[in-house]
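A short write-up of the structure that comes next.
Derivation of every value follows stated rules applied to the coordinates shown; laboratory data play no part. Small disclaimer: the values here were computed from a predicted structure and weren't measured. Neighbour counts are summed over all protein chains in view; Cβ atoms, including those assigned to glycine, are modelled from backbone coordinates with ideal geometry.
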Amino acid sequence: MPTAAPAAPALFSLPAPRGPARPVKRKTVLSYGLGADSTAILLMFLADPVRYGLEPDLSDLIVLHAVTGNEWPTSLSYVDRLVLPLLAERKVRVVQVARVGRSDSDGVLVLEDSRSTRRIHQAGPWRLSDWLLTGGTVPQMASGRRTCSIRFKGWVLDHWAVAEFGQAAFRRVIGYHAGERSRMEKDTKIQDRLNEKAGRVICEPSYPLVDAGMNRAAVEAYVLERLGEPIQKSYCTFCPFSGVCASRDRHEARLREHPDLAAEALMMEYASMALNEPMSLYGTRSLYQQLAEDERNDAVLTAFEERLDAAPFSLYEVRRVYLPGRTKDCRHHHGTRCPRPRWWCRTERTTACRRAHSSFETAADGEQAELPPQCAGLKDGCRGSQVKGAAWRSVRTVWEGSRLEAEFTLLDWSREQGVRLRRGESSRINRLHYLERGEGYPAAEAYLVAAPSGADDKNRDSFERKWTEITGLMGPRWEPVRPLVHHPIRRGSRVVPVIRPSGVEHVPALEPA
């Protein structure tokens, strides 16, 4: 039997294997909102990093702050004086990010990325208040979600994370306390769905305060004990959820301390209610109404009136169409889209309907055919309740000048039109209603109103076609002072720039949740 050939001599010796490779440790990102909850977590990390799964030198911790541009000065000052020096001493990485512009495709700007941060930036290029003022509205809920927080916090943080980590997973720390377990569970479910959709772990949520059983009182006591000063709630100066963020007395006390910021919030609300009467900061009640109930706020209201008088004004022609909504039956039978939804779409026949109408149709040859079980809705008595659908708004600037001139011009034009001015029930703002909204859907209304300048002219592409279809009218009644400029919102763009101090890096956009 032939013997095996001797092995060839090795050209160089190979090192002995050292065992399995050590798994790469995930980075930890703390979403820092400047308030008590996230500040308490920071202090816990600084006191005992290993206990919370961090390296002893905190080299794997990133403190990430989204700059909205409308924080209280006292919140910024508190963090600058008492928190940032502790982070700089331990060389903790602090990243501050903000939106670049109105469009998502404008991207995210990294205002600062440092291990020796000395201040929290007051604002970025595009503030939350800029978005609201140009839109002529106030913060609001949409489908149970706070749109302002999503656009100026969540969206910014998510796209920075994509640029920073790519496909690598990380741990995301959120400052929910033990009294917010329902918010924690909702957040966890959302992240689980995103991870499942991506087919990988994007991030792993972590809630140290909930795990420690610390409620709001315990959190505030913890921060006070370690920093020596009580910490105030962190929220935007015009937040409509200020009743949740702080008691009414505390919120109004802050407004009195900063009358300029209070006047800014009141100006925003005034412009919003001028263009849409129900759109006050607190829904059924306005901020102005609440402040007017306490004489201690007289100086704030005086500052607001002075600012209102000094502001440039415009006359806006506001047109609005209200479209019919879709019923559950319509969604069931027509799927995700229905070109002409009706409130009786595929509604099952009721007992009364069957009694009133024959279930059979007689043809010309005398033969009878059974009708479908659904009523066609040809009789008013067979139709179900109407459902309100989308409301489209057109805003066009038709005159510009001072406040006093605007009010006199509005009065003159009302006389020319033979239409009496009508004052808003809550806002007390005069409007020239030349088209009253009817009952049912679709419906339309139109009016002229004086309000502070700054709201963008806007008109969706199909508005004029729908306006004419519903009203029989063509275009606005008054000539706009400038052509309509479209601001495309390219949310479907696959590229979102993340602009760093050293240049621009393009990263894939996150798919909308």
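Some observations on this one:
- Local net charge near HIS258, Cβ-Cβ under 12 Å (Lys/Arg +1, Asp/Glu -1): -3
- Extension gain, ARG151 back to HIS121 (0.36 nm per residue minus Cα-Cα distance, nm): 9.0 nm
- Rough spin-label spacing in nm, given labels placed 7 Å along Cα→Cβ, for ALA292 and SER462: 4.1 nm
- A dipole drawn for the range 73-118 from +1 and -1 charges on Cβ atoms has a positive end, and of PRO73, VAL95, SER116 the residue lying farthest that way is SER116.
- Dividing the Cα radius of gyration of the range 244-334 by its Kirkwood radius returns 1.17 for Rg/Rh.
- A simple count of charges around ASN459, restricted to other residues whose Cβ falls under 12 Å of its Cβ and scoring Lys, Arg +1 and Asp, Glu -1, yields +3.
- For the range 164-240, alpha-carbon Rg over 2.2 N^0.38 Å: 1.37
- Listed by chain and number, the lysines whose alpha-carbon sits under 23 Å from that of LYS388, ignoring those within fewer than 8 places in the same chain, are LYS328, LYS379, LYS458, LYS466.
- Long-range amide H partners of ARG171 with built H, under 5 Å: LYS27, THR28, VAL29, GLU204
- The charge dipole of the range 178-274, taken about its Cα centre with unit charges on the Cβ atoms of Lys, Arg (+1), Asp and Glu (-1) only, comes to about 300 debye.
- Close amide H partners of GLY124, meaning residues 5 or more places away or on another chain with modelled amide H under 5 Å apart, are GLY69.
- Longest to shortest principal axis, alpha-carbon extents of the range 76-220, angstrom: 42, 40, 35
- Convex hull of Cα atoms in the range 148-276, direction-averaged projection (nm²): 11.0 nm²
- What separates the Cα centres of the range 400-468 and the range 104-133 is a distance of 36 Å.
- Residue pairs, from the table LYS27/LYS153; LYS25/LYS91; LYS197/LYS233; LYS91/LYS197; LYS91/LYS186; LYS186/LYS233, whose Cα atoms sit over 31 Å apart: LYS197/LYS233; LYS91/LYS197; LYS91/LYS186
- Alpha carbon convex hull of the range 239-290, volume per residue in cubic angstrom: 66 Å³
- A simple spin-label model places the labels of LYS197 and ARG226 3.5 nm from each other, with each point 7 Å out along Cα-to-Cβ.
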